[in-house]
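The block underneath contains the structure these notes are about, expressed in structure tokens.
The values are calculated or read from the model by the stated rules, or taken from the named source; none is laboratory data. Keep in mind that what you see is a predicted model, and the values were worked out from it rather than measured. Heads up, the Cβs are rebuilt from the backbone with ideal geometry, glycines too, and the neighbour counts pull from every protein chain shown.
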């Protein structure tokens, strides 16, 4: 069993202790229970933020495995039952899972040689998987045991959506200047004469404080519709905007952004942080 669980251990971290990250140096070992409890408590998600900030400060593009951590199973085309042991609820047609032959009702016993209990176990395997990847799976299907292979093409992580994650809050600070961008409803796309394959992201929120107000200071407003971003007008999700900013642009650069406001095009320059 020890051999089967060996892959559950990750690689050596950048720093032996979280407080060795420059942005976390203010934290001291232990929690101050006599006073500033909340401020003395380091949260787990802060470590990921510190890692991304380190890449940014080094002016290096963020690797996919850092930008898209802990991929959900839907990235490879399957949805699991949260109440059952690694049991497939649904498989998306044409996905890597479908191409491997996985079906609804399958219970995945092993993936990449690792025993599975939960969705988190699947996420761990995907988190550690290379790009591209071939993942062998052992599946319990009725009374039979089947073996399948899931082939993941280059760039497979980018199918994921990171906009809902807590980590995206700091990515917005660096890339969108504090803007929260959501897909424009279809009726509003038609009203604004935005093509089906054209960019149309609604500014749902504009940050107010610190570097999260960079976009506000540049002139952006809630309700603006982004139709061009850094020279591109094809249909992007907010996730693609964040990835582009972290992988193709560096802190201190300025990009051109065009929005629709009251039916008129308005151009801005946005500072990358």
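Things worth noting here:
- Some residue of the range 228-239 being under 30 Å from residue 137 (Cα atoms) and touching a residue at least 60 places away in the same chain (Cβ under 8 Å): yes
- Test for residue 194: is it in a loop (DSSP other than H, G, I, E, B), crowded, with 19+ Cβ neighbours inside 10 Å and touching a residue at least 24 places away in the same chain (Cβ under 8 Å): yes
- For the range 130-167, a residue qualifies if it is free of Cβ contacts under 8 Å to residues at least 40 places away in the same chain and not in a strand (DSSP E or B), and the qualifying residues are 130, 132, 142, 143, 154, 164, 165.
- Those residues of the range 122-148 which are touching a strand residue (DSSP E or B) at 6+ places or on another chain (Cβ under 7 Å) and within 13 Å of residue 86 (Cα to Cα), in sequence order: 122, 125, 137, 138, 139, 140
- Meets criteria (over 29 Å from residue 249 (Cβ atoms), part of a loop (DSSP other than H, G, I, E, B) and touching a helix residue (DSSP H, G or I) at 6+ places or on another chain (Cβ under 8 Å)) for residue 61: no
- Which listed residue, of 249, 261, is in the same structural domain as residue 204 (by TED's automatic domain parsing), in contact (Cβ under 8 Å) with a residue 40 or more places away in the chain and within 18 Å of residue 53 (Cα to Cα): 249
- Residue in the range 27-44 that is touching a helix residue (DSSP H, G or I) at 6+ places or on another chain (Cβ under 8 Å) and part of a helix (DSSP H, G or I) present: no
- Count of the range 82-102 residues, restricted to those that are modelled with pLDDT of 95 or more, surrounded by fewer than 16 Cβ atoms within 10 Å (Cβ to Cβ) and in a loop (DSSP other than H, G, I, E, B), is 3.
- Residues (touching a strand residue (DSSP E or B) at 6+ places or on another chain (Cβ under 6 Å) and either within 14 Å of residue 77 (Cβ to Cβ) or not in a strand (DSSP E or B) (or both)) located in the range 171-181: 177
Conditions tested, residue by residue: (1) in a loop (DSSP other than H, G, I, E, B); (2) surrounded by 15 or more Cβ atoms within 10 Å (Cβ to Cβ).
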position: 169; (1), (2): no, no
position: 187; (1), (2): no, no
position: 245; (1), (2): no, yes
position: 251; (1), (2): yes, no
position: 258; (1), (2): no, yes
